Amino acid sequence: MSHHFIEFTDVGYVYSDGTRALSGISFTVLHGESVGLVGANGAGKSTLLLQINGYLFPTEGTVNVGNVIVSRDTVNDVRRRVGVVFQNPDDQLFMPRVYDDVAFGPFNLGWDSKKVEEKTLEALQTVGCLDLKHRPPHRLSIGQKRAVSIATVLSMEPDILVMDEPSSNLDPRARRQLINLLRTFKHTRVIASHDLDLILDTCERTIVLHAGRIAADGPTPDILRDDALLAANNLERPLSLQGRAEELSHPVEAKKIRPSDFHRRAGHNH
């Protein structure tokens, strides 16, 4: 089996205050798959993502990344394979220049300066931010920060890409650019998002979480058209799948306004 896979087996997680976030989570993500992770707030999405590269370790069960069980002993190896893009890009951008942020990971992998420069510029080019390399991150727009935060992960050439709410706070143009970028990636990907249209556009498979358990796992179009399933998990169909059949079968006839009507109304307003 490829080392680009993820396997959860009966994973549970309990926070130190006793709050149970995950229970009996089992699934496998195969090489090259793009899997969406959806659910209401508090369903356990972020907690699950943080298990994939050892920011959190399971209370029960195992997480296997390419035949490496995630643990404190293996976490450095796992993090070389798994790149995580956090929900808030400011959590990943802390250097004086964009270039320094994107080069930070490769330098810490011990690569020589020539390879660091090559991979840094390549990552910035991939996300369309090469012209920002000398800019301070705090001077960027939220969309630019999001793209650069993705570049900080791509520069380390991970096998697996994990993203938490990648489209949050993006304007429509930046969001479309992000979707187009994600479609070009060949990585194994897990994307958690409330943006179900983004999930529909970028993930062939979707897992629904509810109260820390898997409520459904299947092809994305099937999951996102299942109104009963979505309602039970406090979700709604993505806008692109919200049918207009009812409107079309009962069209509202527009009332025609004659020029004389307009003048009469204008005169009345005066």
Exercise for the section: Give me the net charge of Ile223's neighbourhood, meaning all other residues with Cβ under 13 Å from the Cβ of Ile223; Lys, Arg count +1, Asp, Glu -1. Expected result: -3
Exercise for the section: Please state, as a whole number in µm²/s, the translational diffusion coefficient that the Stokes-Einstein equation yields for the stretch 35-97 at 37 °C and 0.692 mPa s, with Rh defined as the Kirkwood radius across alpha carbon pairs. Expected result: 248
Exercise for the section: Tabulate in residue order the Karplus-calculated ³J(HN,Hα) for the stretch 37-43, using 6.51 cos²θ - 1.76 cosθ + 1.60 with θ = phi - 60°, rounded to whole Hz; enter x for Gly and Pro. Expected result: 10, 10, x, 5, 4, x, 6
Practice task
Count charges around Glu236 for me, please; just the other residues with Cβ under 14 Å from its Cβ, Lys/Arg as +1, Asp/Glu as -1.
Solution key: -2
Practice task
Provide the per-residue ³J(HN,Hα) series for the stretch 69-82, in order, calculated from phi with Karplus coefficients 6.51, -1.76, 1.60 and θ = phi - 60°, each as a whole number of Hz, with x at glycine and proline positions.
Solution key: 6, 5, 7, 4, 6, 10, 4, 5, 5, 4, 5, 6, 8, 10
Practice task
Show that you can apply the helix-only estimate: for the chain, add -39,500 (n - 2.57) for every DSSP H stretch of four or more residues, divide by all residues, and state [θ] at 222 nm to the nearest 500.
Solution key: -10500 deg cm²/dmol
Practice task
Between Asp222 and Thr184, take the C-beta separation as r, use R0 = 25 Å, and let me know the FRET efficiency to the nearest 0.05.
Solution key: 0.50
Completion exercise
P(r) over all Cα-Cα pairs of the stretch 26-175, 5 Å bins from 0 to the longest distance, whole percent per bin, short to long, reads 2, 9, 17, 20, 20, 15, 10, 5, 1, 0
Handout entry: Relative intensity, log₁₀ I(q)/I(0), of the chain from a Debye sum that treats every alpha carbon as a point, q = 0.09, 0.14, 0.17 Å⁻¹
Key = -0.48, -0.99, -1.36
Exercise for the section: Scan around Leu37 for amide H atoms under 5 Å from its own, H built in the peptide plane at 1.01 Å from N, and keep only partners 5 or more places away or cross-chain. Expected result: Ile191, Ala192, Ser193, Ile207
Handout entry: Rg/Rh for the stretch 121-179, where both radii come from Cα atoms and Rh is the Kirkwood radius
Key = 0.94
Handout entry: Sorted peptide list for 34-44, 150-160, criterion being average Cβ within 10 angstrom, highest first
Key = 150-160, 34-44
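With r defined as the distance between the Cβ atoms of Ala232 and Asp10 and R0 fixed at 35 Å, what FRET efficiency is calculated, to the nearest 0.05?
Values: r = 23 Å, r/R0 = 0.67.
My answer for the efficiency is 0.90.
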Practice task
Would you mind working out the magnitude of the charge dipole of the chain relative to its Cα centre, with +1 at each Lys and Arg C-beta and -1 at each Asp and Glu C-beta, to the nearest 20 Debye?
Solution key: 1060
Problem - Principal axis dimensions, the stretch 104-241 - Cα atoms, whole angstrom, descending - result: 54, 29, 25
Problem - Out-of-range pairs (alpha-carbon distance over 29 Å; input Lys45/Lys145; Lys133/Lys186; Lys45/Lys114) - result: Lys45/Lys114
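Values in this text are rule-based calculations from the coordinates and carry no lab data. Keep in mind that what you see is a predicted model, and the values were worked out from it rather than measured. Glycine gets a Cβ as well: all are built from the backbone with ideal geometry, and neighbour counts include every protein chain shown.
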